[in-house]
1. Taking into account only those residues within the range 136-153 that are open to solvent by 30 Å² or more (accessible area, probe 1.4 Å) and without any contact (Cβ under 8 Å) to a residue 40 or more places away in the chain, which is nearest to ligand 1 (Cβ to nearest atom)?
2. Test of understanding: among Phe306, Phe259, Phe323, which residue is of a type outside the set (S, T, N, Q), farther than 19 Å from Thr206 by Cα and open to solvent by 40 Å² or more (accessible area, probe 1.4 Å)?
3. Of the residues Ala427, Ala403, which is more than 21 Å from Val304 (Cβ to Cβ), of a type in the set (A, V, I, L, M) and in contact with a helix residue (DSSP H, G or I) (Cβ under 9 Å, 6 or more places away or on another chain)?
4. With Arg133, Arg167 as the choices, which residue is more than 23 Å from the chain's Cα centre (by Cα), within 28 Å of Leu269 (Cβ to Cβ) and free of Cβ contacts under 8 Å to residues at least 40 places away in the same chain?
5. State which residue is most open to solvent (accessible area, probe 1.4 Å) when the search covers only the range 1-11 and only residues that are under 19 Å from Ile111 (Cβ atoms) and either within 16 Å of ligand 2 (Cβ to nearest atom) or of a type outside the set (Val, Ile, Thr) (or both).
6. Go through (1) open to solvent by 10 Å² or more (accessible area, probe 1.4 Å); (2) part of a helix (DSSP H, G or I); (3) of a type outside the set (D, E, K, R) one by one and return the number of the condition Val100 breaks.
7. Restricting attention to the range 356-391, report how many residues are within 23 Å of Glu305 (Cβ to Cβ) and crowded, with 18+ Cβ neighbours inside 10 Å.
8. Give Ala233, Ala239 a once-over and let me know the one that is more than 13 Å from ligand 2 (Cβ to nearest atom) and of a type outside the set (Asp, Glu).
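The values are calculated or read from the model by the stated rules, or taken from the named source; none is laboratory data. Remember, predicted model here, so these are calculated numbers, not experimental data. Backbone-built Cβ (ideal geometry, glycine too); neighbour counts: all protein chains shown. The area values use the complete protein model at the heavy-atom level, side chains included, leaving out ligands, DNA and RNA. Shrake-Rupley method; radii C 1.70, N 1.55, O 1.52, S 1.80 Å.
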Amino acid sequence: MRIAMIGAGYVGLVSGACFAQFGHDVVCVDKEADKIARLRRGEIPIYEPGLEKLVADNVRSGRLEFGSNLGDAVGNADAVFIAVGTPTRRGDGHADLSYVYAAAAEIAEAIRGYTVVVTKSTVPVGTGREVARIIREAQPSGEFDVAANPEFLREGAAIEDFMKPDRVVIGVESQRARDVMAAIYRPLNLIQTPMVFTNIETAEVTKYAGNAFLATKITFINEIADLCEKVGADVHDVARGIGLDGRIGRKFLHPGPGFGGSCFPKDTLALAYTAREANAPQTIVEQVIEVNNSRKKRMAQKVVEFSGGSVKGLKIAVLGLTFKPDTDDMRDAPSLDIVPALQAAGATIVAFDPAGMAEAARLLPGIGFAKTAYEAASGADVLVVITEWHEFRGLDPRRIKEAMRQPRIVDLRNIFDPEEMRGLGFAYEGIGRPRPRT
Ligand code: NAD
Ligand code: UGA
């Protein structure tokens with residue numbers, strides 16, 4: 001199959017490279033000329049483990065190309081995937097569909113011969129129909145179908161998620177489009193990946209329902225963690241105790257400072273908006289949004305209380321700034337709430353993040369950056385773990401203690417063992433773990 005991928009961001013680039021790996025001929029197009037120039041030079045604009053090699057292998061094999069000319073890519077394609085951003089719209093919290101519709105209008109001008117136009121971006125219900133209308137208006141006799149094929153990959157594990165997904169959801173409404181989509185995903189069908197064919201609206205709702213459910217699960221365990229802290233229980237044991245029940249499942253029960261990222265925050269907001277418009281309010285999701293927002297804000301207060309009621313004049317070392325490990329993505333990261341609140345309370349911040357510091361320098365003015373975790377800890381009065389990068393788990397606590405002015409750790413991801421840390425002489429506070437009895 002010949003595929004045009006419109007948008008070479010996290011989803012477009014990963015999906016494009018993976019489709020090429022499946023054996024298809026893929027052209028990724030992006031309107032950011034600089035991004036395309038870098039990709040052509042073999043530079044990967046995002047941090048995603050394994051992506052550089054996957055892209056290089058497929059470029060070398062001639063199956064993957066990068067271009068700025070959307071018209072050429074679309075004109076030659078059997079399927080065109082729209083993988084542009086759908087950020088939160090200013091003012092009302094709904095998804096901003098302007099990039100999707102702009103892409104649809106450009107695609108409409110370029111289609112030649114039968115083409116399936118697929119939304120891979122996360123789009124509110126009704127968007128697929130609107131994309132079809134835009135194309136039909138521009139090409140009344142054009143031969144095309146629309147399809148909805150939401151993407152479920154996670155940043156940091158994107159290739160594995162794409163190559164071995166739990167399922168593929170495809171909204172299509174003609175046999176011809178279904179055949180094209182089935183041919184594209186044939187390699188996954190061969191490894192028995194469940195293929196869920198639905199109508200277009202169902203596929204669109206499925207994506208939001210999935211993200212909202214996961215966001216709810218995280219928020220649930222976060223509130224249980226709050227309870228555990230008050231009553232001397234350990235949230236990890238609770239999560240294991242409930243998660244071993246197959247109906248609940250163990251994944252996404254890791255407590256933390258609140259979910260962030262480019263998707264859960266914006267997608268829960270957009271779902272709540274869609275549902276209110278449809279007169280079927282999602283009150284659980286609305287609560288999740290509110291609880292998560294206030295949690296992120298409350299985390300700075302947790303650090304202040306742990307520090308004896310004030311952080312004025314203190315040096316705070318922050319480990320991890322990105323919204324999760326293995327990505328350089330800072331979108332809606334909890335650090336964006338926590339760090340400014342600590343600065344406002346009078347603390348000086350020195351941070352270390354393995355991949356996010358370039359972006360953080362833009363978003364978090366006034367903080368210092370260290371080259372290593374130990375350097376960040378040097379002379380610090382408190383160390384706060386915000387993101388659970390794997391390398392932080394391997395830090396030598398003794399070296400950290402020697403480097404710090406006062407050995408105090410607030411571990412918002414529970415990467416350290418509380419008893420071990422306290423045994424080494426740290427004042428230590430995690431999330432949802434019993435405090436030492438006094
Ligand atoms: P992104 O911002 O990283 O990338 C979007 C790209 O599209 C940008 O490079 C932009 O320049 C390009 N673009 C916009 N309009 C264009 C046009 N008309 N022509 C060509 N290029 C254009 O976004 P992303 O994180 O890849 O997300 C894309 C969509 O996928 C969103 O709807 C998101 O919700 C969804 N999604 C994201 C993830 C994720 O992990 N990031 C996972 C699943 C789904
Ligand atoms: C999420 C979903 O997991 C993907 O399936 C989906 O495709 C994607 O959104 C999307 O629609 O874009 P992602 O945002 O990359 O993927 O990352 P997650 O691993 O889901 O983490 C999201 C946030 O939840 C992070 O801030 C993370 O720290 C937090 N989280 C996750 C927890 O606090 N606890 C957990 O147990 C899991």
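1. Ala138
2. Numbers: Phe259 fails: open to solvent by 40 Å² or more (accessible area, probe 1.4 Å); Phe323 fails: open to solvent by 40 Å² or more (accessible area, probe 1.4 Å).
Answer to the check: Phe306.
3. Details: Ala427 fails: more than 21 Å from Val304 (Cβ to Cβ).
One residue alone meets the criteria, Ala403.
4. Details: Arg167 fails: more than 23 Å from the chain's Cα centre (by Cα).
Only one candidate passes the filter, namely Arg133.
5. The initial filter retains those residues of the range 1-11 that are under 19 Å from Ile111 (Cβ atoms), namely 1-7.
After this cut, where a residue has to be either within 16 Å of ligand 2 (Cβ to nearest atom) or of a type outside the set (Val, Ile, Thr) (or both) as well, the list is 1-2, 4-5, 7.
Details: Met1: 82, Arg2: 117, Ala4: 0, Met5: 0, Gly7: 8 Å².
Ranking the candidates gives Arg2 first.
6. (1)
7. So the answer is 13.
8. Going through Ala233, Ala239 in turn, just one is more than 13 Å from ligand 2 (Cβ to nearest atom) and of a type outside the set (Asp, Glu): Ala233.
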